[in-house]
Amino acid sequence: MNAAETLRRRIRSLTWLLIVGLVVSGATAIPLQWELDTTARILGVADSASGSATPGLAKWILKVRNAVRDTNAKYPFIAYGTDWLAFGHFVIAIAFVGALRNPVRNIWLFQFGMIACVLLVPYAFFFGALRGIPVPWRLIDCSFGVLGFIPLWFCQRSAAELAREHFSNGVTAATTGQLRS
């Protein structure tokens, strides 16, 4: 296997990892009440009366679960917002198909993704503080930005190297359609 094929394989693998991560992350935004009920059962705190004696994470899960239950009971249309959050994840995942098809021409997708991952950190801290989200939970949210940045950086670096290798072989952008002017 030559260097170009190794780079393409790395880009494909990491891009698929990103796509699957975005789809799974989006899909988990839809059944929030079920997920929170299940998590509370797993933590052994399904009874909301046990909330006052419950420490740390379990207490937070109960608080969020009860808020989602109350909101869904009184104002079910609010959940439409998380449906759209899921849709946004799905659409971004679809955009990365362009990077699978032609990572050199679509290198901007990796750069876009890295910018989004970097912006996630101050966004989570600012709006998390504004909404009363505990710092440990905000750190979990920030971890998605950090973990997403890593494969995007490798993809961007590999796509740039692939472009250099491709165009250093005497092939011009105009003849390959790899880049637009």
Residue 29 meets each of (1) in contact with an Asp or Glu (Cβ under 8 Å, 6 or more places away or on another chain); (2) open to solvent by 40 Å² or more (accessible area, probe 1.4 Å); (3) under 24 Å from residue 128 (Cα atoms) with one exception, condition (2)
For helices (runs of 4 or more DSSP H) lying entirely in the stretch 52-143, having 3 or more residues that are open to solvent by 40 Å² or more (accessible area, probe 1.4 Å) and without any contact (Cβ under 8 Å) to a residue 40 or more places away in the chain picks out 56-74, 80-95, 107-130
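Against the definition (modelled with pLDDT under 95, open to solvent by 50 Å² or more (accessible area, probe 1.4 Å), of a type in the set (Asp, Glu) and not in a loop (DSSP other than H, G, I, E, B)), how does residue 161 come out, yes or no?
In short, no.
The values are calculated or read from the model by the stated rules, or taken from the named source; none is laboratory data. Remember, predicted model here, so these are calculated numbers, not experimental data. Every residue, glycine among them, receives a Cβ derived from its backbone with ideal geometry; neighbour counts consider all protein chains shown. The area values use the complete protein model at the heavy-atom level, side chains included, leaving out ligands, DNA and RNA. Shrake-Rupley method; radii C 1.70, N 1.55, O 1.52, S 1.80 Å.
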